[in-house]
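Throughout, read-outs are computed from the coordinates displayed, never taken from laboratory work. Predicted, not measured: the structure shown is a model, and the values here were computed from it. We place every Cβ from the backbone using ideal geometry, glycine too, and count neighbours over all the protein chains shown.
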Amino acid sequence: MNYPLTFSPLTLSCRGRQTVFRRPLVMGILNATDDSFYDGGRYNTPDALLAHARQLLSEGADLLDLGVMSSRPGASMPTPQEETARLVPLVKLLRSELPDAILSVDTCRSLAAAGAVEAGADIINDISGGQLDPDMLPTAASLRVPYILMHMRGTPATMQLPENTRYNDIVDDLSRYFDEKLDTLHRLGATDVWLDPGLGFAKTLEQNHELLHRLPELIARFPEHPMLVALSNKSMITKRLASFQNQFPEEPSPLLPDSELGTLALNTVALMGRASILRVHTPRPTRIAIQLLYGSD
């Protein structure tokens, strides 16, 4: 492996403006939910959300990913109308106050996606790959914005059931899933599709780690589609850290909790596996890793 790492430029087209990135992107997570596994309830007022958005950008986020619906295992889902009514005003607020920010919306509903893009969102991030709303793929293609296609089976409430975590070969199975979805999207006219292997979604702890370490193999099969990795503070980190924390029960660093240190470690693995976008709760550590691995910003 050459060092520093090299990066194929990624051109992002948003609202008629093209931005070329010559290093991996950092996506800051902006949750406006009461039941997010990491920060539920902390940013569920407009003022708190806007302040957190500014903080994420100041810490090095290249784009923001706004969600108003939890996708943690076992989570219940609001109706499409409820989600849209909550999401669209927040998109308008962020677009008004942060006009230059690149804004993604984390939704699997076509109604919410269309409303958010009309309100100023730049990207659709769909954890379901169109499986929870038959209108999502046609809508995403018609909106002409980048679409993030994630792998998941079932719903957030059912995705960890045994029947949803059985794979013959996890890279082969995900590749077939992406091939089928990409074929549909291309026939619908979509031209800018990113991929997300869906770490933590319909995968066991061992499968998550296997998939992360086989990331170069998966990326090599889809060279024209940027790969997003979202593992920040997930159970693939916290469960692996449990035995370590029992062995060393001292208080963690006040500067960076153990789960954030674990996130940094595994995001470094993802970077070395040639991930193009990393979705994180705390941007600065990942930007440091990018700086060190790629030699420039």
Expected output is a single nm value to one decimal: the length gained when fully extending between E59 and E206, i.e. 0.36 nm times separation in residues minus the C-alpha distance. What is it? 49.8 nm
Rounded to whole Å and sorted largest first, what semi-axes of the equivalent ellipsoid does the C-alpha gyration tensor of the chain yield via the square root of 5 times each eigenvalue? 26, 23, 21
Restricting to the chain, compute how many DSSP beta bridges are antiparallel as a %, nearest 5. 15 percent
Treating only the Cβ atoms of Lys and Arg (+1) and Asp and Glu (-1) as charged, compute the dipole magnitude of the chain about its Cα centre; round to the nearest 20 debye. 420 debye
Give me the distance in nm between label points sitting 7 Å out from Cα along the Cα-to-Cβ direction at F244 and T45, one decimal. 3.6 nm
Diffing region 264-270: the Karplus 3J(HN,Hα) column from phi (6.51, -1.76, 1.60, θ = phi - 60°), in whole Hz with x for Gly and Pro, holds 4, 4, 6, 5, 5, 4, 4
Report the relative contact order of region 10-294, percent, no decimals, based on alpha-carbon pairs under 8 angstrom and at least 6 residues apart. 18 percent
Going by average Cβ neighbours within 10 Å, how do the peptides 97-107, 236-246, 275-285 rank, with the highest at the top? 275-285, 97-107, 236-246
Excluding residues on the same chain fewer than 8 positions from K181, give the lysines whose Cα lies under 17 Å from its Cα. none
With label points set 7 Å from each Cα along the Cα-to-Cβ direction at D183 and A157, the distance between them in nm comes to 3.2 nm
Under 19 Å Cα-Cα from K239, which aspartates and glutamates qualify once same-chain neighbours fewer than 8 residues away are excluded? D39, E206, E210, E250, E251, D258, E260
Output for region 58-167: trypsin sites (Lys or Arg not before Pro) sitting in coil per DSSP, at most 13 other Cβ within 10 Å, listed by number, reads R144, R166
Would you mind checking which residues have amide H under 5 Å from C14's amide H? H placed 1.01 Å from N; only 5 or more apart, or other chain. T19
Among D65, D192, which comes first, then next, by fewest other beta-carbon atoms within 10 Å? D192, D65
Given only helices, namely DSSP H runs of n ≥ 4 each adding -39500 (n - 2.57), what is the per-residue ellipticity at 222 nm of the chain, to the nearest 500 deg cm²/dmol? -13000 deg cm²/dmol
